[in-house]
Structures are given as structure tokens and as C-alpha cells.
1. Sequence gap at least 6, Cα distance under 8 Å: using those rules, report the relative contact order of segment 155-208 to the nearest whole percent.
2. Any idea of the accessible area per residue across the chain, 1.4 Å probe, to the nearest Å²?
3. Quick one: compute the contact order of the chain, relative version, from alpha carbon pairs under 8 angstrom and 6+ residues apart, as a percent.
4. Straight-line reach from Lys154: which aspartates and glutamates have Cα under 13 Å away, leaving out those fewer than 8 places along the same chain?
5. Report in % the part of the accessible area of the chain that belongs to carbon and sulfur, leaving out ligands and nucleic acids; probe 1.4 Å.
6. For segment 182-304, what is the relative contact order in percent, using Cα pairs closer than 8 Å and at least 6 residues apart in sequence?
7. Among the DSSP beta bridges whose two residues both lie in the chain, what percent are antiparallel, rounded to the nearest 5?
Amino acid sequence: RARITYQTSGITWWADYNVVFTEGRDANSGTLDIGAWVSILNRSGASYEDARLKLIAGDVNRAQPPPQVMMRAAEAFDAASAGFAEQSFFEFHLYTLGQPTTIAGDSTKQIELFPQVRGVPATKRLVYEGLAPRFGRFPNPVTERDIGLPMNTKVDVSIEFENAQSAGMGMPLPSGRIRVSQLDTQDDTLEFIGEDVIDHTPRDETVSITLGSAFDVVGERRQVELSVDQNSRRMEETIEIKVRNHKELPVDVIVRETLFRWAENDVLEASHRYERQDASVVHFPITVPRDGETVVRYRVRYRW
């Protein structure tokens with residue numbers, strides 16, 4: 001008696017998410033209806049009758065170059081008895097379909113990954129980063145006045161939700177493309193508002209979906225003052241950021257500032273409360289009133 005196992009090429013699968021966003025009572029909240037499907041693409045040259053289907057989820061290392069059809073992993077959670085059952089498997093996740101299925105040759109088959117989950121609480125996140133292009137770490141102190149002056153006016157918008165049981169989710173989510181629509185109440189149709197690709201996301205982690213740039217919220221960033229003292233090996237810079245809101249509701253915006261001129265820095269003065277994300281990035285959480293403007297000003301000192 002022998003068991004023969006081999007790895008075939010030309011067959012792969014991936015996950016696709018369909019999300020419907022419903023706005024909440026304020027401009028920064030809402031709910032999501034989340035559904036997901038597995039697509040199985042069979043180009044192996046054979047059909048599989050009444051096959052027992054298992055899906056491995058995770059970043060599985062392969063010694064040989066991948067085939068032309070890229071392998072993509074996905075995960076699911078317990079559905080009905082005929083759906084997928086999930087279990088931990090080594091450092092990955094294994095999902096077994098509860099009934100045999102036929103995968104025909106040269107075909108694509110879709111199976112529901114999990115039943116649609118409705119009413120998942122979500123937060124609309126707006127972030128303004130005025131530096132354009134975005135700067136990383138420089139090998140030397142940046143004392144030139146004009147570096148960093150080109151300005152970005154776009155405010156990025158994303159939707160975030162907690163992959164937690166308390167929010168109606170709480171299952172490991174596979175990597176895959178996620179499409180977001182919103183209901184137009186004027187004619188009761190769904191309108192596409194953006195899409196993104198998410199990575200493998202364990203339970204109790206945050207999922208962030210980048211949708212694009214806000215239309216009615218814009219930013220403006222300018223340098224007010226820069227002084228450089230080469231003898232004392234320090235410089236000070238004052239920056240002013242304006243965020244304007246043309247909506248009928250106030251919005252919460254995070255002003256993200258990269259202190260790119262040198263690694264050793266201190267914020268000496270700030271008009272608003274700020275949070276340090278790391279040695280060179282600070283966030284200013286602000287609220288911009290309806291049809292109004294909020295101005296953030298800060299002064300930073302660099303030493304080298």
C-alpha cells in the first residue's frame with residue numbers, strides 16, 4: 001500500500017470581497033455589509049470529479065519559481081455544514097469544504113467563502129500628508145530651504161473595521177481584492193466607490209481599505225520660517241497646515257507630518273495636540289467644522 005502525493009501547476013485560487021458601505025450619523029462613521037467568495041481557476045489540463053477541496057492560507061515558501069498563474073492564499077471560517085471549516089495548520093490556516101465538489105478542466109468555479117455579515121461598525125479615516133513627494137530618511141541634515149516645499153493638496157480617505165467577534169466578524173481573513181460600493185438612496189442602486197487589496201488578517205486585527213482621495217476636503221501646507229545655525233549645528237522650522245471642509249458635516253482629519261530634515265528633532269511649539277508615531281512622524285488629530293477651516297501650526301528644532 002502506498003500513498004503518492006504530487007504538486008500540480010496550473011490550478012490556483014483567490015478570495016474576493018464585496019463590501020457595501022452605509023454612512024452613519026456623522027461624516028466619519030458607518031457600517032459595512034461584507035461578503036466573500038473563493039474563485040478556483042483550473043488550467044491544469046485535468047478535471048477533478050467529486051474532489052475533496054482544501055485551501056491552505058498563509059505565506060507558504062516555495063523553492064521553485066512560481067508558475068505563470070500566481071498562487072494566492074485565502075482563509076475562511078465555519079459556515080454551514082456544506083461550507084468551509086477552518087482549523088490552524090502549522091503556521092497557516094487550513095479550510096476544508098464540507099462536501100465534495102467537481103472542478104472541471106479549463107474552468108473557473110466560485111464558492112462562497114462565508115455568508116454575508118451585515119452591520120459591521122466602520123470608521124471613515126481621512127489623512128492629510130502635505131509633503132509631496134513623501135520623504136524618507138536623508139543621509140545628512142537637510143538645510144536647503146526649498147526642499148519639501150512642493151505641496152500635496154489631496155486628503156486620503158480609507159475605511160477601517162475591526163476583525164473582531166464583537167463586530168460580527170472574528171474570523172481569519174485571506175488576502176484578496178476588496179471592492180466597496182455604497183447605496184444611492186435616490187434610485188436604490190449600488191455605486192462603486194473604490195477597491196483595495198488586503199493582506200492576510202488574523203482575528204482581532206484592524207482591516208484598512210484605501211479608497212482614494214476626498215473630494216470636499218482639501219489641504220494646504222506651507223513653510224512659515226526656516227533658520228539654520230551651522231555653528232551650533234541646529235535649525236528650526238515653522239510649518240503651517242490648513243485643512244478646509246466643504247461638507248455639510250464636520251469631519252475628523254489626521255494631519256500627518258514627516259520631520260524629514262534630520263533624525264534628532266523636537267517639536268517646540270504646536271497649536272494642537274499631537275501624537276508621535278515614530279522618531280520622524282507626528283500625527284495631529286483635528287476636527288474641521290462644516291464648511292470651515294482648521295489651521296495647524298508647529299515649530300520643530302533639528303540638531304546634528
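1. Contact order relative to length: 45 percent.
2. Per-residue accessible area for the chain comes out at 56 Å².
3. Once divided by the residue count of the chain, the mean separation gives 17 percent.
4. Reachable aspartates and glutamates: Glu129, Asp216, Glu220.
5. Taking all protein chains in place, the chain shows 47 percent carbon and sulfur surface.
6. Worked out over segment 182-304, it gives 25 percent.
7. Antiparallel: roughly 90 percent of the beta bridges in the chain.
The values are calculated or read from the model by the stated rules, or taken from the named source; none is laboratory data. What you are looking at is a predicted structure, and each value in this text was computed from that prediction instead of being measured. Ligands, DNA and RNA are excluded from the accessible area calculation, which covers all protein heavy atoms including side chains. Shrake-Rupley method; radii C 1.70, N 1.55, O 1.52, S 1.80 Å.
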